[in-house]
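Colleague: Mind looking over this structure? Questions follow.
Every read-out reported here was derived from the displayed coordinates using simple, explicitly stated rules and does not represent laboratory data. None of the values given here were measured: they were computed from a predicted structure. Here the Cβ is made from the backbone with ideal geometry for all residues, glycine too, and neighbour counts use every protein chain on show.
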């Protein structure tokens, strides 16, 4: 059984699933495709384990598998021609990619814990690139309310996340 028990496999699934999805999402840019890739990677790893194949470092194996599948998916859908066209992960070592994916997972967990209205405002501003006035108009709130909610969201994230990426805090 690939060197791990079914209980350990389940623990690995629970701890690696979200970071692997974020890792794949960074490559594919599509949440559904990223989840499909990760689910298939776990399914294939489970099959290998049941067939008695050995996986020495399960975490590294899963990251490598998800990365390769994500890049393969992109080339199959003609979104990129070669891995060189996606340099962001090429410049990082495998360990750095794993660490970055885990940090992303912690960040998204912190975002998920924000109150729903505050989370929506934060995502509209940072993920969707909307200006405060656009958010205020969309939600029929005052711009001052949007500013206050963003300030509270950023304060909460600064307190709970170990590092918030420049991507979220740089003006578009």
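Colleague: Taking the Cβ-Cβ separation of residue 143 and residue 112 as r and a Förster radius of 30 Å, what is the calculated FRET efficiency to the nearest 0.05? Walk me through the numbers before you get to the answer.
Modeller: Values: r = 26 Å, r/R0 = 0.85.
About 0.70, to the nearest 0.05.
Colleague: Calculate, in nm to one decimal, what residue 10 and residue 76 gain on full extension: separation in residues at 0.36 nm each, minus their alpha carbon distance.
Modeller: Contour length minus the Cα-Cα distance gives 20.7 nm.
Colleague: Another question, if that's okay. Quick check: pseudo-label points 7 Å beyond the Cα along Cα→Cβ at residue 133 and residue 30, how many nm apart are they?
Modeller: The modelled label-to-label distance comes out at 3.6 nm.
Colleague: Work out the FRET efficiency for residue 119 and residue 59 from their Cβ-Cβ distance, taking R0 = 25 Å, and round it to the nearest 0.05. Write out the running numbers ahead of the final one.
Modeller: On the way: r = 29 Å, r/R0 = 1.17.
Approximately 0.30, to the nearest 0.05.
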